[in-house]
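Data block below; observations after.
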């Protein structure tokens, strides 16, 4: 679909990459990785035709439909949420209107006239095109995507300008997913998603029928969704087949090969230089010397890039607390008439690393605020154990920092015994390198200040850490430092995070927050999903992408070739035990829906033919059109139910 030949890009005097040869095909699922500032976003913008190569050529196949989602900065206004998403189907909506106009026109024309024949031909084309655009299911598709991205039904009628920046980006993502471009370009799509919406997006992309390329600092997301990793590194773009985990293995092998080749080349160069220097002035060796001089000049020197310095940071271990750190006794929390918790009971023990999970708005942040004493209880009692010291990191922790203080000075005051190199090393890991360490806190962006606030927590922790979204605004390297530090922490941790890898590696216990309750599960997030599947028949379902054959035909390439659907989702959802009787009922219902949908589609096609045949009769045309619309609505509802039930069966398989 897109081909780059000899591509190069520079940022000022610095070369981002050069010598890039890349062919993006119709079924590619790729992730772009690399250090901050390496050129990942620039590369994505080049594919999106927003930026242009400094050297080389890029060719795009005619008719390819692109969709680009930036990291942030999009603002929408002027419609309700549902109407803004439905706006993606403007062509189908226009065809609906034209279909009604043509039907009315056919009723007025002489059916023997040439104009009548032309109108009927156009009417049939409109019907076929409308079906190709999935016009009959457009409302159902919008509802599926909005639900998946965690927009509650009550918000569908809200004006989009009322939504905050993060939700605005979710709306932009929803529109792109509904548009189903041939090539989807997503720059950090999970930045503004909670865990449930992220899980849904993973499954959606697993069933996406066309190509997509994503930039992400979420390694689990990359492991689940992509089949090829594109790394921008050492002024080159390197290609690895496989997911992120496979890429890490292959990259290490490539590094070892580069080092071995560099050593062999260095030995050969030294040998040539020694020979040349030894026999340079001997006439009998002149020809041999010249031969080696030419060989030396032809050698293309291999560069081994500097390795990123690995930072193993261990913050001071706190004094131990009592065995029981915190307990809730019949706790309730309400905000006016809004009840968040009721009759909540649990105990947190020393050394627990507790992940708080649940849907957006379920009360995870509220629970952390209750533990931190930032919010009062409405009812019940909360108690803490012996010598428990609490340190709370909020999502907006930066608001309590001194804006006048310089970063390094502020950190030095906090831990005066730490060396300058230790503190600068930690700051470098959190993306404050060089002169950045001397910036006043007040000039930092919100994300930068949150990163710094997290670094402050690490250097002087208490024995009970409460962390609300600590992985926000961190790249993979900083996440690894935070994860390793917490794994070696002897105290107790309760945290909220939307990073699946971080959750799986850190958590020893999961608190599932929802419906006013807090359920406790031993193990990490993966263990929680398995246990929840065993005990809860209401575990949230994630529908797959439903794309009809007609839509694929509508998104043909210029040469008439259609992209082949992958057909298999790359996401494996946890298996759970189910009631075989219930499963049998669901299978029977699915079979019944398939038969019913087939009958409905046949009846709609027959009515379309009758519409053309009886167009001269106004009354009949009106009755047929009314019946067709009713059948289409019913068909869309049955298709949505069929999609949900088949997803349940596949999950249980």
Exercise. What full-extension length gain, to one decimal in nm, is calculated for residue 54 and residue 161 as 0.36 nm per residue of separation minus the Cα-Cα distance?
Worked result: 34.7 nm
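For segment 134-193, what ratio Rg/Rh do Cα atoms give with a Kirkwood hydrodynamic radius?
On the way: Rg = 11.9 Å, Rh = 12.4 Å.
Ratio of gyration radius to Kirkwood radius: 0.96.
Per the Kirkwood definition applied to all pairs of different Cα atoms, how many angstroms is the hydrodynamic radius of the chain?
Values: mean 1/r = 0.0345 Å⁻¹.
One over the average 1/r among Cα pairs gives 29.0 Å for the chain.
Counting only helical runs of four or more DSSP H residues, what would the 222 nm mean residue ellipticity of the chain come to if each run contributes -39,500 (n - 2.57) and the total is spread over all its residues? Don't skip to the end; give the middle numbers.
On the way: 20 runs with 292 residues, N = 653.
Calculated mean residue ellipticity at 222 nm is -14500 deg cm²/dmol.
Arrange the peptides 318-329, 270-281 so that the one whose residues have, on average, the most other Cβ atoms within 10 Å appears first. Mind dumping the intermediate values first?
On the way: 318-329: 17.0, 270-281: 12.8.
The most tightly packed comes first, giving 318-329, 270-281.
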Problem set entry | Spacing of the two label points (7 Å from each Cα toward its C-beta) at residue 606 and residue 94, in nm | 3.4 nm
Exercise. At residue 245 and residue 112, where each label point lies 7 Å from the Cα along Cα→Cβ, what is the point-to-point distance in nanometres?
Worked result: 7.5 nm
Exercise. What FRET efficiency do you get for residue 268 and residue 460 if R0 is 35 Å and r is their Cβ-Cβ distance, rounded to the nearest 0.05?
Worked result: 0.10
Exercise. Normalised by the residues of the chain, what does the relative contact order come to in percent, with Cα pairs under 8 Å and at least six apart?
Worked result: 17 percent
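Grab the Cα-Cα distance for residue 626 and residue 526, subtract it from 0.36 nm times how many residues apart they are, and report the gain in nm with one decimal. Please report the intermediate quantities before stating the final value.
On the way: separation 100, 0.36 × 100 = 36.00 nm, distance 5.01 nm.
The span from residue 626 to residue 526 would gain 31.0 nm if fully extended.
Report the extension gain between residue 378 and residue 488 in nm, rounded to one decimal, defined as 0.36 nm multiplied by the number of residues separating them, less their alpha carbon distance. Please report the intermediate quantities before stating the final value.
Working: separation 110, 0.36 × 110 = 39.60 nm, distance 3.58 nm.
Length difference between fully extended and current span is 36.0 nm.
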For this session: Pairs of Cα atoms under 8 Å, at least six residues apart: use those to get the relative contact order of segment 77-179, whole percent.
Result: 49 percent
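Calculate, for residue 297 and residue 234, the FRET efficiency according to 1/(1 + (r/R0)^6) with r their C-beta to C-beta distance and R0 22 Å; round to the nearest 0.05.
On the way: r = 24 Å, r/R0 = 1.08.
Calculated value: 0.40.
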Exercise. For the peptides 95-105, 125-135, 503-513, what is the packing order when you average, over each peptide's residues, the other Cβ atoms within 10 Å and list the highest mean first?
Worked result: 503-513, 125-135, 95-105
For this session: Could you order peptides 359-370, 41-52 by the average number of other Cβ atoms within 10 Å of their residues, highest first?
Result: 359-370, 41-52
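Explain nothing, just the number: relative contact order of segment 324-535, from Cα pairs under 8 Å at least 6 residues apart, as a whole percent. Could you put the intermediate results ahead of the total?
On the way: 378 pairs, mean separation 61.9, N = 212.
Relative CO of segment 324-535 lands at 29 percent.
Calculate the FRET efficiency for residue 410 and residue 433 from the Cβ-Cβ distance with a Förster distance of 25 Å, rounded to the nearest 0.05.
Details: r = 17 Å, r/R0 = 0.67.
The value I calculate is 0.90.
Every number here is computed from the coordinates shown, using simple stated rules; none is lab data. Owing to the predicted nature of the structure, the values given are computational and were not obtained by experimental measurement. Quick reminder, even Gly has a Cβ in these numbers, built from the backbone with ideal geometry, and neighbours come from all protein chains shown.
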